[in-house]
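Right, one structure below, let's go through it.
The values are calculated or read from the model by the stated rules, or taken from the named source; none is laboratory data. In this text the structure is predicted, and so the values were computed from the model without any measurement. We place every Cβ from the backbone using ideal geometry, glycine too, and count neighbours over all the protein chains shown. Areas reflect the complete protein model, heavy atoms only, side chains present, ligands, DNA and RNA absent. Shrake-Rupley method; radii C 1.70, N 1.55, O 1.52, S 1.80 Å.
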Amino acid sequence: MVNGMKDTNGNLVVVGVQWGDEGKGKIVDVLAEHYDIVTRYQGGANAGHTVYCGGKKFVLQLVPTGILRPNKTAVIGPGVVVNPESLLEEIEQIENNGVPVGERLVVSDRAHLIMPYHRSHEVAAEEARGVGKIGTTAKGIGPTYEDKAGRRGLRTSDLRNPELFLKKCTAVLAEKDRIGTALFGGERFRGDEWVAQYYETARRIVPYLADVSAFLHVEMERGKRVLFEGAQGTLLDVDHGTYPYVTSSSAAAGGASTGSGVGPTRIGAVIGVTKAYATRVGSGPFPTEARDAAGEKLRDRGGEYGAVTGRPRRCGWFDIPAARYAARINDLAALAITKLDILDPLEEIPVGVEYEYAGRRTSDFPAETEILEKAQVHYRTVPGWRQSTVGIREFKRLPSRAQDYLRLIADEVGVEIALVSTGPEREQVIWLEQNWLCQEIALSRG
Ligand code: GDP
Ligand code: IMO
Ligand code: MG
């Protein structure tokens, strides 16, 4: 598993290969030791990135994972949507757990604000969809991005001036009221009282605000290394995912540029995080879903319940066509494979290698949700290793069948593996030392 050296400009995007919850938090936490700044570029508190460190469990929603390492800066980019109340609560929780935040958190002054009406709008829209519902996280993410694209959003910078905030709010609310009355039968959004209350809380994020693009450029000029932390995953990306069963932002690596204000050629390289199997939470197509006892076993062993909503995650097998698609969309230069240990007891492991639809076999990932839902998946079944891999830290110490399984994934997806995770803890990780990323990191440390 060797490939050539890469010029990353010292920067790296960490992106989800599947439908989210791949273990991005764990991998970002591992990598963050070797970077100076961790930047979130899209999504909001729909994300839940779980990290175990110092015997404590952290579920980071909006605050970048880098906050958990001393002397690292955590940056929330302009592509993120921010609910000030939940951001403040998250900061408080992190600090209560013994991690100081203070000036190590920088929030874009161009990020859009999630308002109370975004959440109520989302809940009503989901109800109206009935069985066709997306199964959103009900955090107001979709409607906030709708308003951003509709040019009626409020931004964090608006909080700097109370009079201006009130004025913009009043104009938006008049429009919201007209739409709300038509759609939901007279729900009233206007009201000075809640606007004043919202402002009172929200203004407390003003000290964190900055021009993030300018901040990152100055830091990069000073030689600082930036990690871009994706939320959700490629198959939930609004352009490239299983539309309409997606989130409303650019979760794939391209979003790192627009969502942070750093030009694409400055960014360097992309590492894709994927589970050794597959999960999805919420509705939408999932070709390799195991709707049987084997799927339940994966859920139980993998603790596959949403970090944010607690919903059971749908579980299934590794999907080669989907991963290959994600490799192209993101130009993946390396893979981080997580939760290998969850497969430990299995006698055999199916891997989805091809789809068949209307009598045609394909390894392409089709645009149509209907095809993805109905496609028959052809599997290659490989023998399991039936030994514990928990906490193993060297590739050569893995059972040979586990090594073969990882090689199969790397070969079929066409991307080298840089990291393999063998447990939720920081230390439970294998670095593939021949991989360019490990070499680049070693060089950067002198
Ligand atoms: P994210 O949203 O991509 O950061 O992923 P989540 O945190 O939502 O879900 C991943 C879950 O798997 C978390 O509970 C992690 O603690 C856990 N996890 C990550 N890597 C491993 C691993 O290698 N083995 C095991 N057993 N758990 C892991
Ligand atoms: P992390 O960053 C998994 C899913 C929701 C729903 C769809 C749209 O932890 O990997 P939204 O509230 O975003 O409008 O919901 O996207 N979803 C996620 N699934 N991991 C996530 O984030 C997710 N964020 C959103 O379940 O199906
Ligand atoms: Mg998650």
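Mind checking whether some residue in region 344-362 is under 25 Å from residue 253 (Cα atoms), within 16 Å of ligand 2 (Cβ to nearest atom), modelled with pLDDT of 95 or more and out of contact with any Pro (no Cβ under 7 Å at 6 or more places or on another chain)? No.
Residues being within 11 Å of ligand 2 (Cβ to nearest atom), under 27 Å from residue 354 (Cα atoms) and either outside the structural domain of residue 339 (by TED's automatic domain parsing) or not in a loop (DSSP other than H, G, I, E, B) (or both) are represented in region 278-300 by at least one member.
Residue 168 satisfies every condition listed in (1) open to solvent by less than 60 Å² (accessible area, probe 1.4 Å); (2) assigned to a helix (DSSP H, G or I); (3) not hydrophobic (A, V, I, L, M, F, W, C) except (1). Residues in region 125-138 that are loosely packed, with under 15 Cβ neighbours inside 10 Å and not in a loop (DSSP other than H, G, I, E, B): 127, 128, 129, 130, 131, 132. Please determine whether any residue of region 35-47 is within 8 Å of ligand 1 (Cβ to nearest atom) and within 29 Å of residue 145 (Cα to Cα). Yes, the conditions are met somewhere in region 35-47. Condition first: of a type in the set (A, V, I, L, M, F, W, C) and modelled with pLDDT under 95. Can you find one or more residues in region 312-334 that meet it? The answer is no, given that none of the residues of region 312-334 is of a type in the set (A, V, I, L, M, F, W, C) and modelled with pLDDT under 95. Scanning region 251-277 for residues that are more than 14 Å from ligand 2 (Cβ to nearest atom) and assigned to a strand (DSSP E or B) yields 269, 270, 271.
Test residue 426 against the stated conditions and say whether it is in contact with a Cys (Cβ under 8 Å, 6 or more places away or on another chain), open to solvent by 40 Å² or more (accessible area, probe 1.4 Å) and assigned by TED's automatic domain parsing to the domain that holds residue 286. When the stated conditions are applied, residue 426 passes them. Taking the criterion of being acidic (Asp, Glu) and more than 16 Å from ligand 3 (Cβ to nearest atom), the residues of region 221-241 that qualify are 221, 239. In region 388-413, which residue that is in a loop (DSSP other than H, G, I, E, B) and more than 26 Å from the chain's Cα centre (by Cα) is surrounded by the most Cβ atoms within 10 Å (Cβ to Cβ)? Per the stated criteria, the residue is 398.
Of the residues screened, residue 268 is one that is of a type outside the set (D, E, K, R), under 20 Å from residue 418 (Cβ atoms), away from ligand 3 (no atom under 16 Å from the Cβ) and touching a Gly at 6+ places or on another chain (Cβ under 8 Å).
The single condition among (1) free of Cβ contacts under 8 Å to residues at least 40 places away in the same chain; (2) under 18 Å from residue 25 (Cβ atoms) that residue 95 does not satisfy is (2). Only residues that are part of a loop (DSSP other than H, G, I, E, B) and either open to solvent by 20 Å² or more (accessible area, probe 1.4 Å) or polar (S, T, N, Q) (or both) were counted in region 106-124, giving 1. Those strands (runs of 3 or more DSSP E) of region 1-103 in which at least 2 residues are hydroxyl-bearing (Ser, Thr, Tyr) and either within 13 Å of ligand 3 (Cβ to nearest atom) or open to solvent by 50 Å² or more (accessible area, probe 1.4 Å) (or both), considering only elements entirely within it, cover 49-53. What number of residues within region 149-164 satisfy the criterion of being out of contact with any Leu (no Cβ under 6 Å at 6 or more places or on another chain), surrounded by 13 or more Cβ atoms within 10 Å (Cβ to Cβ) and among the hydrophobic types (A, V, I, L, M, F, W, C)? Counting residues in region 149-164 that are out of contact with any Leu (no Cβ under 6 Å at 6 or more places or on another chain), surrounded by 13 or more Cβ atoms within 10 Å (Cβ to Cβ) and among the hydrophobic types (A, V, I, L, M, F, W, C) gives 1.
With the condition kept exactly as written, say whether any residue in region 230-248 is open to solvent by 10 Å² or more (accessible area, probe 1.4 Å), touching a His at 6+ places or on another chain (Cβ under 8 Å) and touching a residue at least 12 places away in the same chain (Cβ under 8 Å). No, every residue in region 230-248 fails to be open to solvent by 10 Å² or more (accessible area, probe 1.4 Å), touching a His at 6+ places or on another chain (Cβ under 8 Å) and touching a residue at least 12 places away in the same chain (Cβ under 8 Å). Within region 301-343, the set of residues being away from ligand 2 (no atom under 16 Å from the Cβ), in a loop (DSSP other than H, G, I, E, B) and surrounded by 17 or more Cβ atoms within 10 Å (Cβ to Cβ) comprises 317, 332, 333. Taking region 174-197 as the range and being over 24 Å from residue 88 (Cα atoms), surrounded by 12 or more Cβ atoms within 10 Å (Cβ to Cβ) and at pLDDT 75 or above as the test, the residues that pass are 175, 176, 177, 179, 181.
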